[in-house]
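Asker: After the structure tokens below, expect a handful of questions from me.
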Amino acid sequence: MGTLIKIAWRNVRRHKRRTFLSALVIAVGLAMFILMNSIMSGWDRANIDNLIELSTSSIRITTKEYADDVESLPLKYGLQNVQELTLFIQQQGDVAGVTPRTQFLGQLSNWEETMPVIGQVVDAKTDATVFDLMNYIEGNYFSDEGENEIILGKGLAEEMGVQQGDYITLYALTKHESRNADEFYIVGLLNTTDPNINLNTIMITYETADGFLDLEGLVTELYVSVERRVIYDLFVKDVQQLQSKLQSRFPELQVDSFLKIASGFLKLTEQKKAFGMIFMLIILAIAAVGIFNSVLMSVYERIREIGVLRAQGMKRGEIVTLFLWEGGFIGILGSILGLTIGCGANIYFVLVGIPLDKFKALETSGLPYWGRMHGEWNIGAIVFVFLFGIVVAVAASYLPSRMASKLEVTKAIRYV
């Protein structure tokens with residue numbers, strides 16, 4: 001066996017051009033798979049990151065009563081000891097930020113028409129530690145001393161025919177369920193990649209809401225941001241560990257991760273991933289055909305050589321084994337080259353990313369996406385394609401070498 005391996009390796013080195021072309025075919029197919037897998041995973045990750053940074057955060061904490069009636073956004077189920085709870089969370093590892101919010105239902109009026117809206121009461125000082133809305137504001141953020149300031153979704157502002165610097169009237173029920181209305185100054189517009197925020201959301205500060213909604217410091221939701229990980233599965237693990245720890249420490253509260261809050265969206269993402277896998281299988285099939293053709297041609301070109309080996313006394317099984325080792329070596333070289341090309345190119349996609357501004361015309365589903373998409377490392381997929389290249393190369397070597405080894409020696413030597 002050792003002699004056959006040495007001969008196989010010598011043949012691979014001797015036929016440099018043939019080896020390079022066969023390995024290159026393998027490398028191109030595997031590199032394409034690695035890059036496409038990274039881009040498709042990155043697209044899904046970008047949507048999830050976008051959802052977390054604009055809407056859900058990593059973890060949301062509420063009272064159990066509020067969670068049971070969350071659709072109506074009630075103002076009667078507030079969190080107790082918010083400062084102590086916030087301090088405890090901030091002391092945990094991997095926590096990037098904590099901020100309170102109180103949501104409410106309201107109506108926006110320009111004195112000609114009225115539209116229902118979802119109000120977000122925010123802490124102007126800490127909200128940016130959890131949510132990334134600051135990067136999407138056209139105009140100004142809340143001033144330090146400003147009262148009755150409001151930020152609208154840009155789509156909502158366009159529907160109402162108002163812009164930054166205008167005044168608009170907001171109606172809502174207070175904490176005590178009495179109807180209140182007041183005029184607000186529009187300091188900025190939210191132009192995010194999430195159409196739900198653009199079309200339905202308004203934001204005011206706790207200082208303003210205490211007077212407008214009689215909140216008296218009421219906080220209904222506490223949002224927690226967990227440090228982002230490059231590998232999504234590790235990020236999910238961090239979030240789940242923190243969620244479990246907080247739920248155990250505060251059993252009277254409802255602690256939900258983004259996995260539950262956005263479960264519908266994540267299920268849709270999984271369905272898209274299933275269709276993506278079909279596409280990836282097609283890429284692998286094309287790569288396999290290319291590898292088979294390349295290795296088959298390589299073996300058929302050497303049928304005369306097989307005849308000479310048979311004439312010198314080499315057995316059929318030894319010839320097949322020899323070519324299997326050659327196919328394996330070519331597969332290893334091609335797989336290494338493919339991983340080098342694919343992973344090397346993927347470094348750019350992971351670190352720099354792809355700007356998505358040019359693809360806004362493709363936004364027909366209403367799904368949110370980032371302004372920039374980054375690739376993802378999928379170690380399992382990389383290991384799989386490495387082994388795939390070797391296995392296919394070996395399999396492609398078996399059939400023609402077995403057939404050629406069965407030819408009569410004279411026919412094999414005369415084969416053209």
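The values are calculated or read from the model by the stated rules, or taken from the named source; none is laboratory data. Source: prediction; values computed, not measured. Neighbour counts run over all protein chains shown; Cβ positions are idealised from the backbone, glycine included.
Asker: Quickly run through the range 64-85 and pick out the residues that are in contact (Cβ under 8 Å) with a residue 40 or more places away in the chain and under 17 Å from Val121 (Cα atoms). Explain how you work it out, then say what you get.
Answerer: Initially, the range 64-85 is screened for residues in contact (Cβ under 8 Å) with a residue 40 or more places away in the chain, giving 64, 66-67, 73-79, 82, 85.
Scanning the range 64-85 gives Tyr66, Leu73, Pro74, Leu75, Lys76, Tyr77, Gly78, Leu79, Val82.
Asker: Right, here's the next one. When Gly211 is evaluated against the numbered criteria (1) in contact with a helix residue (DSSP H, G or I) (Cβ under 8 Å, 6 or more places away or on another chain); (2) in the same structural domain as Gly97 (by TED's automatic domain parsing); (3) surrounded by fewer than 21 Cβ atoms within 10 Å (Cβ to Cβ), which criterion, by number, is the only one it fails?
Answerer: (1)
Asker: Give the residue, chosen from Leu309, Leu296, Leu284, that is in a helix (DSSP H, G or I), in contact with a Phe, Trp or Tyr (Cβ under 7 Å, 6 or more places away or on another chain) and more than 30 Å from Asp123 (Cβ to Cβ).
Answerer: Values: Leu309 fails: in contact with a Phe, Trp or Tyr (Cβ under 7 Å, 6 or more places away or on another chain); Leu296 fails: in contact with a Phe, Trp or Tyr (Cβ under 7 Å, 6 or more places away or on another chain).
Sole residue among the options that is in a helix (DSSP H, G or I), in contact with a Phe, Trp or Tyr (Cβ under 7 Å, 6 or more places away or on another chain) and more than 30 Å from Asp123 (Cβ to Cβ): Leu284.
Asker: Please work out if Glu326 is without any contact (Cβ under 8 Å) to a residue 12 or more places away in the chain and out of contact with any Gly (no Cβ under 9 Å at 6 or more places or on another chain). Outline the logic, then answer.
Answerer: On the way: without any contact (Cβ under 8 Å) to a residue 12 or more places away in the chain: no; out of contact with any Gly (no Cβ under 9 Å at 6 or more places or on another chain): yes.
No, not satisfied.
Asker: Could you go through the range 70-78 and let me know if any residue there is surrounded by fewer than 16 Cβ atoms within 10 Å (Cβ to Cβ) and of a type in the set (D, E, K, R).
Answerer: Taking the range 70-78 as the starting set, the residues that turn out to be surrounded by fewer than 16 Cβ atoms within 10 Å (Cβ to Cβ) are 71-72, 76.
Checking which are of a type in the set (D, E, K, R) leaves us with 71, 76.
Looking for residues that are surrounded by fewer than 16 Cβ atoms within 10 Å (Cβ to Cβ) and of a type in the set (D, E, K, R), one finds at least one in the range 70-78, hence yes.
Asker: Assess whether Phe88 counts as being surrounded by 21 or more Cβ atoms within 10 Å (Cβ to Cβ) and either in a strand (DSSP E or B) or out of contact with any His (no Cβ under 7 Å at 6 or more places or on another chain) (or both). First the steps, then the outcome.
Answerer: Details: surrounded by 21 or more Cβ atoms within 10 Å (Cβ to Cβ): no; either in a strand (DSSP E or B) or out of contact with any His (no Cβ under 7 Å at 6 or more places or on another chain) (or both): yes.
For Phe88, the condition - surrounded by 21 or more Cβ atoms within 10 Å (Cβ to Cβ) and either in a strand (DSSP E or B) or out of contact with any His (no Cβ under 7 Å at 6 or more places or on another chain) (or both) - is not met.
Residue-by-condition table, conditions (1) touching a Ser or Thr at 6+ places or on another chain (Cβ under 8 Å); (2) farther than 16 Å from Gly211 by Cα:
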position	(1), (2)
Trp111	yes, yes
Gln120	yes, no
Thr129	yes, yes
Met134	no, yes
Glu138	no, yes
Ile151	no, yes
Glu159	no, yes
Lys175	no, no
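Asker: Just a yes or no: is a residue in the range 127-137 more than 31 Å from the chain's Cα centre (by Cα) and either at pLDDT below 95 or outside the structural domain of Thr205 (by TED's automatic domain parsing) (or both)?
Answerer: Taking the range 127-137 as the starting set, the residues that turn out to be more than 31 Å from the chain's Cα centre (by Cα) are none.
So far as the range 127-137 goes, no, none of its residues is more than 31 Å from the chain's Cα centre (by Cα) and either at pLDDT below 95 or outside the structural domain of Thr205 (by TED's automatic domain parsing) (or both).
Asker: Which one is surrounded by the fewest Cβ atoms within 10 Å (Cβ to Cβ), of the residues in the range 248-271 that are of a type in the set (Val, Ile, Thr) and within 19 Å of Val98 (Cα to Cα)? Steps first, answer last, please.
Answerer: Of the range 248-271, the ones of a type in the set (Val, Ile, Thr) are 255, 261, 269.
Subsequent filtering for residues that are within 19 Å of Val98 (Cα to Cα) retains 255, 261.
On the way: Val255: 22, Ile261: 19.
This residue is Ile261.
Asker: Now a separate question. Among the residues of the range 218-231, write down those that are of a type outside the set (Ser, Thr, Tyr) and in contact (Cβ under 8 Å) with a residue 24 or more places away in the chain.
Answerer: If we filter the range 218-231 for residues that are of a type outside the set (Ser, Thr, Tyr), which is where we start, we get 218-219, 221-222, 224, 226-231.
Residues satisfying the conditions are Leu218, Val219, Glu221, Leu222, Val224, Val226, Glu227, Arg228, Val230, Ile231.
Asker: Restricting to the range 52-75, name every residue that is touching a helix residue (DSSP H, G or I) at 6+ places or on another chain (Cβ under 8 Å) and not in a strand (DSSP E or B).
Answerer: Narrowing the range 52-75 to residues touching a helix residue (DSSP H, G or I) at 6+ places or on another chain (Cβ under 8 Å): 52, 54-62, 74.
Listed by number, the residues that qualify are Ile52, Leu54, Ser55, Thr56, Ser57, Ser58, Pro74.
Asker: So which residues in the range 309-351 are over 30 Å from Asn378 (Cα atoms) and charged (D, E, K, R), if there are any at all? Walk me through it before giving the result.
Answerer: So in the range 309-351, the residues over 30 Å from Asn378 (Cα atoms) come out as 309-323.
Arg310, Lys315, Arg316, Glu318 - these are the residues of the range 309-351 that are over 30 Å from Asn378 (Cα atoms) and charged (D, E, K, R).
Asker: Now a separate question. Find the strands (runs of 3 or more DSSP E) located wholly in the range 129-205 whose residues include 2 or more that are of a type in the set (S, T, N, Q) and in contact (Cβ under 8 Å) with a residue 40 or more places away in the chain, and list them. Let's see the steps before the verdict.
Answerer: Values: elements: 137-139, 149-153, 167-173, 179-190, 201-205.
Qualifying strands (runs of 3 or more DSSP E): 201-205.
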